[in-house]
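Right, one structure below, let's go through it.
The values are calculated or read from the model by the stated rules, or taken from the named source; none is laboratory data. This is a predicted model, so every value here is computed, not measured. With ideal geometry, Cβ positions are generated from the backbone for all residues, glycine too; neighbour counts draw on all protein chains shown. For accessibility, only protein heavy atoms count, side chains too; no ligands or nucleic acids. Shrake-Rupley method; radii C 1.70, N 1.55, O 1.52, S 1.80 Å.
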Amino acid sequence: MENLTFIIGVIGNIISILMFLSPVETFKRIVKNRSTEDFDSLPYICTLLNSSLWTYYGIIKPGSYLVSTVNGFGVIVETIYIALFLRFAHQKLRNKTAILVGVLNVGILATTLLLAQFLLHGQMRINVIGFLSTGLNIIMYSSPLGVMKMVVTTKSVEYMPFLLSVFLFLNGGVWTLYAVLVSDWFLGVPNGMGLFLGAVQLVVYAIYRNPNSSKQIVEDLEHGDQTERLLPQSSSPTQE
């Protein structure tokens, strides 16, 4: 059982790393165009806070080094993403992102870690950080809901990264299995929700991934109607 748990944990780490790296193409586009366009910074801000707390959780809980290592990697990657977002966002979005980073990733994170480190001890510290990490993990998995709303409204998946949705789904599934094997519901509950929300995102993507084909059909039908109206009507035979 221990060997199976370790293998699932390693697979979870690999998928988590791929999930953290999945927005790379998005940020290549941002750097190339020197604009964040309509991309949202909230998922990256939430993921940074979430990864920071899970790193701490993995450090203070015995035997959870697989959790701390992969989330430590996530902290580095998400920090780079947010730095690029601040560099290329327009002024209003840059200000909004900076405020959120200051409040969530500096103020709240630092306060939480200091209180946990100096006021809490033993299992109580693990439980409190576990509860907070669970809540933030649910928020992280829910953060693309705003993007899904945009997809449904615009009927376009342009600003919904497909690979991120795929790896959120896979990541939720593997870590849910790992949580069951090690009996850690702090990991199980949010990743179970991540599995469900990832599946919803993939369904939404599948529905709206090719809107141009249906749009073209409508345009062809409309063009056909207009052509039909423009054709000269055959004159009725004259009566002698």
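Descriptive notes on the structure:
- Residues that are touching a helix residue (DSSP H, G or I) at 6+ places or on another chain (Cβ under 6 Å), among the hydroxyl-bearing types (Ser, Thr, Tyr) and closer than 30 Å to GLY63 by Cα, drawn from segment 173-211: THR176, TYR178
- The listed residue being over 22 Å from ILE139 (Cβ atoms), in contact (Cβ under 8 Å) with a residue 24 or more places away in the chain and either of a type outside the set (A, V, I, L, M, F, W, C) or not in a helix (DSSP H, G or I) (or both), out of SER16, SER35: SER35
- Among residues of segment 19-31, those that are buried (at least 17 other Cβ atoms within 10 Å of the Cβ) and over 19 Å from ASN137 (Cβ atoms), counted: 3
- Selection within segment 125-155 - open to solvent by less than 40 Å² (accessible area, probe 1.4 Å) and among the small types (Gly, Ala, Ser): GLY130, SER133, GLY135, SER142, SER143
- Subset of segment 86-100 [within 29 Å of ILE59 (Cα to Cα) and either touching a helix residue (DSSP H, G or I) at 6+ places or on another chain (Cβ under 6 Å) or basic (Lys, Arg) (or both)]: THR97, LEU100
- Annotation note: of LEU132, LEU113, the sole residue that is part of a helix (DSSP H, G or I), touching a residue at least 24 places away in the same chain (Cβ under 8 Å) and touching a Leu at 6+ places or on another chain (Cβ under 7 Å) is LEU132.
- Per this entry, ARG34 is counted among residues that are among the charged types (D, E, K, R) and open to solvent by 50 Å² or more (accessible area, probe 1.4 Å).
- Filtered residues of segment 91-109 (kept if within 20 Å of VAL128 (Cβ to Cβ) and surrounded by 15 or more Cβ atoms within 10 Å (Cβ to Cβ)): LEU104, ASN105, ILE108, LEU109
- Checklist (1) closer than 19 Å to ILE207 by Cα; (2) more than 25 Å from the chain's Cα centre (by Cα); (3) polar (S, T, N, Q) applied to THR153, failing item: (2)
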